[in-house]
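Asker: After the structure tokens below, expect a handful of questions from me.
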Amino acid sequence: MEMTAIILIVGFFFFLLINVPVSISIGLATMVAMLINIELEPAVTTMAQRMAGGLDSFALLAIPFFVMSGLIMGRGGIAKRLIECAMALIGALPGGLALVNVVSCMLFGAISGSAVAACSAIGSFMLPEMKKKGYDPNFSAAVTAAAATTGMLIPPSNILIVYAIASGGVSIAALFMAGYIPGIMVGLALMVVCYIWAKIKGYPLSDRLPMKVVAEKLLAAIPSLFLIVLVIGGIVGGVFTATEAGAIAVVYSLILSVGVYGEVKTRELPGILLKSAETTAIVMLLIAASTAMSWLLSFENIPQTLSAALLELSDNPIVILLLINLLLIVVGAFLDMTPAVLIFTPIFLPVAMQLGMSPLQFGIMIVLNLSIGLCSPPVGAVLFITCAIAKTKLENIIRPLLPLYAAMFVVLMLVTYVAWFSEALPAALGF
């Protein structure tokens, strides 16, 4: 077992270091480790079976639909209307543009279900605007990167669907409801940091808009915001499943972006379809390869061994959960969210359940952990996108990111040790 684990870990990082894509690195490392105890032909057959089996899930059909709806909304003028709405409501507060950035990322992330989409769509508009108003570009980029991750928790969220599969059948609807309070808490914590930072730096205040203009901007954003009500309301009300909700999101976003706003032309649709197919293929290959690795870990009893080792370290649940959180934050800084959830859920979920944590609470905890990793160097995808938009270097935004990390970590600790934050809303709605 020890040799398999060593080869698996060393092989994975070796392939990453020579610039092999993450999904291929996972698959190759798994194949090499598998050959220690299994002959070539059955190993190849097993690998193929496990990868195919990992994709044999009806729930996964929701992912291409939400990917497509996110791409359509990213080009459909929805981000602009959400930003204008947030600007009208809170733009006149100290640090108003930073607060607008956070709220816009939360709303767009919730609608699109993608941190990368939120980062690109909101950052492209907000970062130049904040620079124009005298905000430090490095601080602006740090705020965008951190705020973009809130869409991983606020539903609909593709990564929560992946966790539902990895955990062995936690209700997707319950997970969606469980993500609301923690996701909003992260956003509010980031806004507190932005408010204090703006006070210290003396950033200029924006003019307060007349109530008539505020009402106009709010009304203009309602069709975009209604998508959240449509998707989540339908799932909670039992009208349709999460997969069907994804299809409805595509239809609604098409109607809105093509028919109502007219900002997506019909000639652009083939390109959007192609991009959504590419993104879906990448995600599905990650899921397939990660599922094969998870099977190998279980076959070698590695989760059970690690669980026993963790429980032997201490009999204090607070200490063990803190260790799990720290490990997941490190993992999130190096590994994409999808394989991280698929690989580490079977390892840590049994430990968390032994300590009295429900699969629902653990799901929100692991996603929040990996969300912090998503905006952490050296691999955090949103960091590189934000730096490119802000025309700054990665090392320049680390310092302004530190207080934002601290705020997210505080929320993580609350979610970890207080079940109410994750379970209150699902329980109230009967999940």
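The values are calculated or read from the model by the stated rules, or taken from the named source; none is laboratory data. Since the structure is predicted, the reported quantities are computational estimates derived from the model, not experimental observations. Here the Cβ positions follow ideal geometry from the backbone for every residue, glycine too, while neighbour counts run over all protein chains shown. These accessible areas exclude ligands, DNA and RNA; they are computed on the full protein's heavy atoms, side chains included. Shrake-Rupley method; radii C 1.70, N 1.55, O 1.52, S 1.80 Å.
Asker: For a quick protection proxy, order the peptides 179-189, 95-105, 287-297 by their average other-Cβ count within 10 Å, most packed first.
Answerer: Highest to lowest by the protection proxy: 95-105, 287-297, 179-189.
Asker: Residues of the range 126-159 with amide nitrogen under 20 Å from the 7 Å Cα-to-Cβ point of residue 402?
Answerer: Those under the cut-off are 136-147.
Asker: Same structure again: Which of the chymotrypsin sites (Phe, Trp or Tyr not before Pro) across the range 94-149 are loop residues per DSSP, with 16 or fewer other Cβ within 10 Å? Don't skip to the answer; put the middle values down first.
Answerer: Numbers: sites: 108, 125, 135, 139; in loops: 135.
For chymotrypsin sites (Phe, Trp or Tyr not before Pro) across the range 94-149 that sit outside H, G, I, E and B with at most 16 neighbouring Cβ atoms in 10 Å, the list is empty.
Asker: If we sort 216-224, 23-31, 151-159 on the protection proxy, mean other Cβ atoms within 10 Å, highest first, what's the order?
Answerer: Details: 216-224: 16.9, 23-31: 22.0, 151-159: 27.3.
Descending packing order for the listed peptides: 151-159, 23-31, 216-224.
Asker: Can I ask one more? Could you state the angle between the C-alpha long axis of helix 269-299 and the longest principal axis of the C-alpha atoms of the chain, as a value from 0 to 90 degrees rounded to the nearest 10?
Answerer: 30
Asker: Could you give the distance between the Cα centres of the range 137-193 and the range 363-431, to the whole Å?
Answerer: Between the Cα centre of the range 137-193 and that of the range 363-431, the gap is 8 Å.
Asker: Over the residues of the range 257-375, compute the C-alpha Rg and express it relative to 2.2 N^0.38 Å. Display every interim value, and only then the final one.
Answerer: Values: Rg = 19.1 Å, N = 119, 2.2 N^0.38 = 13.5 Å.
Compared with the compact-globule rule of thumb, the range 257-375 sits at 1.41.
Asker: Let me ask something additional. What is the helix-to-structure angle for 302-313, meaning the angle in degrees between its Cα long axis and the longest Cα principal axis of the chain, kept from 0 to 90 and rounded to the nearest 10?
Answerer: Value to nearest ten degrees: 80.
Asker: Which value in deg cm²/dmol, rounded to the nearest 500, describes the helix-derived mean residue ellipticity at 222 nm for the chain, given -39,500 (n - 2.57) per DSSP H run of n ≥ 4 and division by the residue count?
Answerer: Details: 20 runs with 330 residues, N = 431.
Using -39500 (n - 2.57) per qualifying helix, the result is -25500 deg cm²/dmol.
Asker: Based on the Cβ-Cβ distance from residue 124 to residue 195, what FRET efficiency comes out when R0 is 30 Å, to the nearest 0.05? Don't skip to the end; give the middle numbers.
Answerer: On the way: r = 24 Å, r/R0 = 0.80.
About 0.80, to the nearest 0.05.
Asker: Would you work out which of 110, 210, 168 lies farthest towards the positive end of the dipole of the chain? Charges go on Cβ: Lys and Arg +1, Asp and Glu -1.
Answerer: 210
Asker: Using a 1.4 Å probe, what is the accessible area per residue for the range 1-152, in Å²? Write down the numbers at each step before the final one.
Answerer: Numbers: 5770 Å² over 152 residues.
With all protein chains present, the range 1-152 gives 38 Å² per residue.
Asker: If you don't mind, there's one more thing I want to ask. For residue 381 and residue 212, what does the FRET efficiency come to when R0 = 30 Å and r is the distance between their Cβ atoms, rounded to the nearest 0.05?
Answerer: Working: r = 41 Å, r/R0 = 1.35.
According to the calculation, E is roughly 0.15.
Asker: State, to one decimal in nm, how far the label point of residue 301 lies from the label point of residue 267, with both points 7 Å from Cα in the Cβ direction.
Answerer: The two pseudo-label positions are separated by 6.5 nm.
Asker: Right, another one. How far is helix 137-148 tilted, in degrees, relative to the longest principal axis of the Cα atoms in the chain, given as a value from 0 to 90 rounded to the nearest 10?
Answerer: 60
Asker: Accessible area, 1.4 Å probe, largest first: how do 34, 3 sort? Let's see the in-between values first.
Answerer: On the way: 34 5, 3 110 Å².
The ranking, largest first, comes out as 3, 34.
Asker: Using the Karplus equation 6.51 cos²θ - 1.76 cosθ + 1.60 (θ = phi - 60°), what ³J(HN,Hα) coupling, rounded to whole Hz, does each residue of the range 77-83 give in order, writing x for Gly and Pro?
Answerer: Residue by residue, the range 77-83 yields x, 5, 4, 4, 6, 5, 5 Hz.
Asker: Using θ = phi - 60° and the Karplus relation 6.51 cos²θ - 1.76 cosθ + 1.60, list the HN-Hα couplings for the range 426-431 in order, rounded to whole Hz, with x at every Gly or Pro.
Answerer: x, 5, 5, 9, x, 8
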